[in-house]
Structures are given as C-alpha cells and as structure tokens.
Amino acid sequence: MSNTTLEELEGPIMIRGKGTGFVAVPGQTEDILIERDNLGFALDGDIVRIKLKKKVPGRRQEGVVTTVLKTAYRELIGTVKEKTVENKVVKYLQPDNNRIHIKPLLPEATATDVGFKVVVEITKWHQPLLDPLARITETLGPAGDHETEMQAIIRSGGFSKSFPEAVGQAAQTIYAERAKIFTEASQDPKRRDLRTVPTCTIDPKDAKDFDDALSCRTLPNGNYEIGIHIADVSHYVRENDAIDTEAKERGTSVYLVDRVIPMLPEVLSNDLCSLRPNEDRLAFSAIFELTPEADLVNAWYGQTIINSDKRFSYEEAQTVFADQTGPLLNELNILMNLGRQLRRHRYANGAIAFDQPEVKFELDERGAPLRAYVKTRTETMLMIEDFMLLANREVALHIYNLARARNKELAFVYRIHDVPNPEKLEELAIFLRAIGYEFEVNKGLIKATTINNLLKEIAGKPEENLIKTATIRSMAKAVYSTKNIGHFGLAFKYYTHFTSPIRRYPDLMAHRLLRKHLDNSHIGPKELTKYEQLSIQSSQREMEAVSAERDSIKYKQVEYLMNRVGETFTGVITGVADWGIYVQEDTCLADGMVRLASIKSDYFEHEASKYRIKGQKTGKIYSLGDRVTVKLVRADKEERQLDFALIEN
C-alpha cells in the first residue's frame, strides 16, 4: 500500500457478500470500508486507488474507488443462466467465484448455452452499478459434469494443465540430453557422490514426483549421518529460460481431488528430477551429524549424486517399523528415533502442534466419488516432516551465518509467519470463553505454550476441529519474503522452504540463492528486489492454489452426499447465525446448514454473544461445538451447498 495524498491510498481490494469491499491500510486496525455504490469498476482482488470519505464519528472509515490500477481477472468462469427482464429473456453469467459481485449479461448467448459452464471476457462496462456486457470465449461443458467442474476450478485459479509448446520442447530437449547433463554434473568437484549410502524415499502411495529422500549411516563415533536429499531442479531449470519463466508464473503445483496440475512439465517432475528408486539422480543435500539425542554436531550443504535403494509409501514404511522386519529396518529405526526427539525438541521450544484432518476421495473411472474418508496420519508422515523442518531451518540459519561472517547483505527467500493480530486474538479468547475454555491473552500477546495447552485440552473432543480452525484463523498467514521476521507457528528464528523445488517455486529460488552463498557470489540490490517481488507473487499463487484445492474438495463432498439425501448423519455445530446453524458432518467433513425456520419444535433465537441459539418456549440450547444428529434434505452440486434438518431428541 502506498500513499498518493493524505486522502488517497492504493492497494488490493477484497469484496465480500453482495458487494461490500475492504481495503487494508498499514498502521490502521480496521480496513477501509467500500460500500457497493462506491466500488466503481473494481472486482475482488484488483489493485485500486481509493479516496477516503469524511470520517463519521463511531463508524468505520469509508472510501470510494477512484481508479482500478490493475485487474485481477482477464476472464470469468461460471454458468450461463437466463432470467426474464421486462418480458424479455436475458442470458447472463452466474460466476463460480462468489466473491465476484457482478453477473455479466451475455447478449450473444443462445438457449443451447444455458446450463453450460463457460469462460467469458467483459466487452463493455460503462456504468459501475449496472452489470457489464460480456462474450463467451470458451465452453467448458455442461455444469455438474465432473470434468467440466474440475476444468472450471483450474481455470478460475488461473492455472492450466497444458504447457506452452516452447516449454514442452525445452523440457524434451533437456530429457534428450540427460546423459550428457548428468556426466558433466558428476565431474563437478563440488558435487559429492553418495550413491553407496543407504537411501530411501517415503511418500504417499499415489505420488509420482519424489522431491526428497533420506539417507542414514552410523559414524565411528556413534553419531549418525543423516542426509536430506532434495531434487536438484536448479541444475536442469536455469533462471529465465522457458521452463523457469512458466514455473515462475505457476508458482506451485496444484493438487485437486483427482489430478495434479504440475509446476514443471511431467518429463521433469515425474522423471528426470524425481528421486526415483534405483536410478542415479542429482540432488541438493543437507547432511547433518546428529547425536543419538538428535543434537546437531556438524552440517554440510551442497550438490550431490544419490541412488535411492527403496521407494516406500507411508504405509509400507510404517509396516516395516511396526513389524520390525523388512528393507532398511535399521535405518528406519534410527530415523524414527531421531525424528521423535526432533519433534519433542521443537514443541519444547514453543512450536504449535496444529494437525487438522484431511478428507480424501476414492473415485470411479468417470470421477464420481465412491468413498470418502478422513486421511490417517501415520508416524512415518510425522517423521518425514521432522527432517524436512530440520533442513528448512538449518539452511536458513546457514545462510544467515554465512552472510554475517562475510559482512554481506543477507539475501535469501524466507518462509515467515508473523505473530497473531492482537484484535483477532482477543476475539478468539472471547469465543473460547463463550464455549467454556479459558485462553489467556496478555495485551494482545500470546505464548505458544498457551495455544499448545489448549490443543491438548481439546484433543479427542467433539469441538476439537472447530477450535483448531478458529485458532488457525486468528493466526497470521505464512508467506514468502526476503525480509526475515521468523516463524511464529514453528518457533523458528530462521526458516525457509528448501525441500520441494519440483512443486514450489520459492524452493527453487532457495536452491539458487544457497548455491550463490556457498560460492560467495555477489547478490546485488537489484537482484534482491527481484526476489522480493517473486516472493510476493509466489505467496499469492499459493493462496490461489489452496483455494482451488478447497473448491475441488467442496464440490466432491456435495457430489458424494447427493446420493444420500434423506439419510441421517452425526456432526458438530461449527457456526451460528441469525438464519441458522452450520453443521459439519462426520463422514466427509462436509459443512451444511440447518435453517432456524426448519426447526418446528420451538422458535429459536440467535444469541450472538454466547454463540448459540435458544428456544423461546422450551429453553433448549444449541451451542457452537455441540454434537447433533441431522438429516440431509438437499444437496445442490451447482451451488455446492447442503441443507440439513435437525433431528431432535
């Protein structure tokens, strides 16, 4: 956000509800409110210039959009619908994104377009309070069709499964020259050959790209040498080449319920860069000497050659560990023991133990959900996380120490997580007290131990996920930046993302910067500015990818439950409003609404300050976090909404 005059400001606008905008202003506790009439031609996510209105005492500061400086959408995706206006049938677009407050008119659309999911571009928009005119540029397919809906989600986020022809050709050229590239890399005296060290990958059973591998061997002094080997993408993808330019724009791979939209062409992500078993691979490694108590003694960072002995799924590795028989048993035992101690150290130092459930789907060949289930977290998953966190922390610390020792400007890309906003913490404390939990906030500050004590207290209770979600929402979002402020949630002073360059662009930047620091190369102010801009862009792409992933899950939750209308479910109350209560059912963690008007036994009123509804006659109370039984009465795939009826005891 930058000041233009005392009364004019610039920044991104968020639009919610039926068209109420908010623009954040640094140094102010409240966002500037932009009412619908004052939005001008702005859409959610646009960069706008606003003029402040005269402040009314006791009310939020309001503003008016004067200019749209940068638009967030080149195209809009939605369903063609029709309505009658003055005895004339008019076609219009119902946007999939409910943050888009306009419904563009489609004068060229025909009756055969109605009910189809389309891509449109705005052609005329002369009056801000009237819907613009638009034209259809592409038809994705019938609304409600699995492939259509997935394509719409992908396009809405600005992602694409296919790569430009130049990118595909560049990837094929690298693949054709892979033997030459590998030979030249192996002759680099700075690159260590670790192919004889016992090494494995541990990933989801359906994974195709293997970013990371672990090696383990016992040293003569009784300590352990643990290698954390990461795909050496930066050796294949060079700055500003065609592949890098495309990866930069994508920012991240996107994981939908039925597919991956990769950041890199699959010949690289699933083959050449992937640390596949029994194949020589180039890696960028962090090698640590750890004591049996998991204390760090020595570290080395650099490029390597590895050969993974075994590709484990999480379940396979867990079985080897549980049964104490199978390949690499000794190494898995050592890794598990060290991982447990690293985890204990981390929590003892103030890391917050967030762990939210994840819903998965089993789909048929048409993409229809056959089964929904909550993913089980194995200890091998936690162990892999322990070592990835160790590498990410120590790489960031190593960069800091190198720069300080050389008296150079610290140039790096960090993963930062700010301390929670004091206002949001106070709101969380009020909410928790209302449902029976004490939560001590001292002048807007919180200790990580307070959060961890709360998480221990709610473990296994019906309201556990609700409170975890509310607590996470009170936290700042983790983002990428060249300016380090530490990571509050992990209680790390220095932290980066180094371990997933196949699927995250910031990790690729971290590899390049680490190599430059190891070589003592000059990193000038202009280059640092470039990395800061890329950090901001990567943070934005990450949010868009997360939104697309959530949309695909929400769609499949509703689709899965469509065939179960009339069935009863148990669930927990996750929200309370004037018009109803929100319930998350247990089967696939889908959220639906029970409208107050549908509860016939009494007239229920919303008691907002107590996060509950109360019956006027009976005094019956339903509070946030209560377990309830509901019947599914409606599942709307297009709106992605579920309606429940309360089953009263």
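Taken together, the values in this text are just the output of simple stated rules run on the coordinates, not laboratory data. All values derive from a computational prediction rather than experimental measurement. Please note: Cβ atoms are built from the backbone with ideal geometry, for glycine as well, and neighbour counts cover all protein chains shown.
By count of other Cβ within 10 Å, fewest leading, how are 393, 135, 406 ordered?
Final ranking by Cβ density, sparse to dense: 406, 135, 393.
Tilt of helix 525-562 relative to the longest C-alpha principal axis of the chain, in degrees (0 to 90, nearest 10)?
Between helix and principal axis, roughly 60 degrees.
Could you order the peptides 354-362, 94-102, 605-613 from most to least packed, using the average number of other C-beta atoms within 10 Å per residue? Please list the in-between numbers first.
On the way: 354-362: 13.7, 94-102: 18.3, 605-613: 15.8.
So the order, starting with the most tightly packed, is 94-102, 605-613, 354-362.
Between beta-carbons, use under 10 Å as the cut-off and find the net charge around residue 61, counting Lys and Arg +1, Asp and Glu -1.
Numbers: positive: 53, 54, 55, 59, 60; negative: 30, 31, 62.
Spelling it out: positives minus negatives among the neighbours equals +2.
Quick one: which of 176-185, 578-587 comes out on top by average Cβ neighbours within 10 Å, and what's the full order, highest first?
Working: 176-185: 12.1, 578-587: 18.7.
Peptide ranking by packing, descending: 578-587, 176-185.
How much FRET efficiency would the formula 1/(1 + (r/R0)^6) give for residue 442 and residue 125, where r is the Cβ-Cβ distance and R0 is 60 Å, rounded to 0.05? Walk me through the numbers on the way to the answer.
Numbers: r = 50 Å, r/R0 = 0.83.
According to the calculation, E is roughly 0.75.
Mind grabbing the base-10 log of I(q)/I(0) for the stretch 302-372 at q = 0.14, 0.18, 0.25 Å⁻¹? Debye formula, identical points on the C-alpha positions, no solvent, two decimal places.
-0.80, -0.98, -1.06
In whole percent, what relative contact order does the chain give with Cα contacts below 8 Å and a gap of six or more residues? Working shown, then result.
Values: 1270 pairs, mean separation 63.2, N = 649.
About 10 percent, as a whole number.
Tell me the relative contact order for the stretch 549-611 as a rounded percent, counting alpha carbon contacts under 8 Å between residues six or more apart.
RCO, the stretch 549-611: 24 percent.
Taking only Cα atoms of the stretch 397-530, what ratio of Rg to Rh do you get with Rh as the Kirkwood inverse-distance radius? Intermediate results must be reported in sequence, preceding the final value.
On the way: Rg = 18.9 Å, Rh = 17.1 Å.
Using only Cα positions, Rg/Rh for the stretch 397-530 is 1.10.
Sketch the reach of a paramagnetic label on residue 537 as a point 7 Å from Cα along Cα-to-Cβ, and name the residues of the stretch 249-271 whose backbone nitrogen lies under 19 Å away.
Hits in the stretch 249-271 for residue 537 at 19 Å: 249-254, 262-265.
The stretch 285-332 to the stretch 37-62: how many Å between their Cα centroids?
55
Sort 378-387, 155-164 for me by packing, meaning the mean count of neighbouring Cβ atoms within 10 Å per residue, highest on top.
Details: 378-387: 20.2, 155-164: 17.0.
Order by mean packing, descending: 378-387, 155-164.
For the stretch 564-647, what is the convex hull volume of its Cα atoms per residue in Å³?
Details: hull volume 7.2 nm³, N = 84.
Per residue, the Cα convex hull of the stretch 564-647 comes to 85 Å³.
If I model the stretch 80-143 as equal point scatterers sitting on the Cα atoms and use the Debye formula, what is log10 I(q)/I(0) at q = 0.13, 0.23 Å⁻¹?
So the normalised log intensities are -0.32, -1.01.
Note the full-extension length gain between residue 62 and residue 160 as 0.36 nm times their separation in residues minus their Cα-Cα distance, in nm to one decimal. Numbers along the way, then the final one.
On the way: separation 98, 0.36 × 98 = 35.28 nm, distance 3.81 nm.
Full extension from residue 62 to residue 160 adds 31.5 nm.
With axes computed from alpha carbons, what is the tilt in degrees of helix 505-518 against the longest principal axis of the chain, rounded to the nearest 10 within 0 to 90?
30
Using a Förster radius of 41 Å, what is the FRET efficiency between residue 110 and residue 177 based on their Cβ-Cβ separation? Nearest 0.05, please.
Details: r = 51 Å, r/R0 = 1.24.
With R0 = 41 Å, the Cβ-Cβ based efficiency is 0.20.
Quick one: Karplus J couplings for the stretch 130-137, per residue in order, coefficients 6.51, -1.76, 1.60, θ = phi - 60°, nearest Hz, x for Gly and Pro?
After applying 6.51 cos²θ - 1.76 cosθ + 1.60, I find 10, 5, x, 8, 8, 10, 6, 9 Hz.
Which whole number in µm²/s is D for the stretch 253-319 by Stokes-Einstein, with the Kirkwood Rh taken over Cα pairs at 37 °C and 0.692 mPa s? Each step should come with its number before you reach the end.
Numbers: Rh = 14.9 Å.
Answer from the Stokes-Einstein relation: 220 µm²/s.
Add +1 for every Lys or Arg and -1 for every Asp or Glu among the other residues with Cβ under 12 Å from the Cβ of residue 137, and state the total. Numbers along the way, then the final one.
On the way: positive: 74, 135, 155; negative: 75, 108, 121, 138.
With Lys, Arg at +1 and Asp, Glu at -1, the net is -1.
Distance from the Cα centre of the stretch 516-567 to that of the stretch 119-177, in angstrom?
When both Cα centres are located, 18 Å separates them.
Would you mind ranking 33, 129 so that the residue whose beta carbon has the fewest other beta carbons within 10 Å leads the list?
Numbers: 33 16, 129 9.
Fewest-to-most ranking of 33, 129: 129, 33.
Pairs to check: 55/447; 51/83; 556/617; 117/631; 70/477; 360/461. Give those whose C-alpha atoms are more than 29 Å from each other in this structure. Before the final figure, lay out each step's value.
Values: 55/447 36 Å; 51/83 36 Å; 556/617 39 Å; 117/631 31 Å; 70/477 23 Å; 360/461 22 Å.
From 55/447; 51/83; 556/617; 117/631; 70/477; 360/461, over 29 Å: 55/447; 51/83; 556/617; 117/631.
Can you give the angle from 0 to 90° between the axis of helix 329-348 and the longest principal axis of the chain, with both taken from C-alpha atoms, to the nearest 10?
That helix lies at roughly 60 degrees to the long axis.
Ratio of alpha-carbon Rg to the 2.2 N^0.38 Å globular estimate for the chain, to two decimals, please. Present the calculation step by step, with values, prior to reporting the outcome.
Details: Rg = 26.8 Å, N = 649, 2.2 N^0.38 = 25.8 Å.
Taking the Cα Rg and dividing by 2.2 N^0.38 Å, one obtains 1.04.
Can you put 86, 463, 138, 316 in order, fewest other beta carbons within 10 Å first?
Details: 86 5, 463 21, 138 13, 316 16.
By the 10 Å Cβ count, ascending, the order reads 86, 138, 316, 463.
So what is the relative contact order for the stretch 485-548, in percent, with contacts set as C-alpha pairs under 8 Å and at least six apart? Can you show the working numbers first?
Working: 31 pairs, mean separation 11.2, N = 64.
This gives 18 percent for the stretch 485-548.
Sequence-distant or interchain residues sharing an amide H contact under 5 Å with residue 66, placed H: which?
49, 50, 51
Report the antiparallel proportion of the DSSP beta bridges in the stretch 564-647 as a percent, rounded to a multiple of 5. Mind dumping the intermediate values first?
Values: 29 of 31 bridges.
Percent antiparallel among DSSP bridges in the stretch 564-647 is about 95.
Residues with beta-carbon under 14 Å from that of residue 127, excluding residue 127: net charge, scoring Lys, Arg +1 and Asp, Glu -1? Provide the component values of the computation, followed by the final result.
Working: positive: 36, 124; negative: 37, 131.
Net charge in that neighbourhood comes out at 0.
Which value in deg cm²/dmol, rounded to the nearest 500, describes the helix-derived mean residue ellipticity at 222 nm for the chain, given -39,500 (n - 2.57) per DSSP H run of n ≥ 4 and division by the residue count? It would help to have the intermediate numbers written out before the result.
Numbers: 13 runs with 190 residues, N = 649.
Taking each H run of at least 4 residues, the total per residue is -9500 deg cm²/dmol.
Taking 7 Å along the Cα-to-C-beta vector as the label spot, tell me the residue 433-residue 621 distance in nanometres, rounded to one decimal.
A separation of 1.6 nm, rounded to one decimal place.
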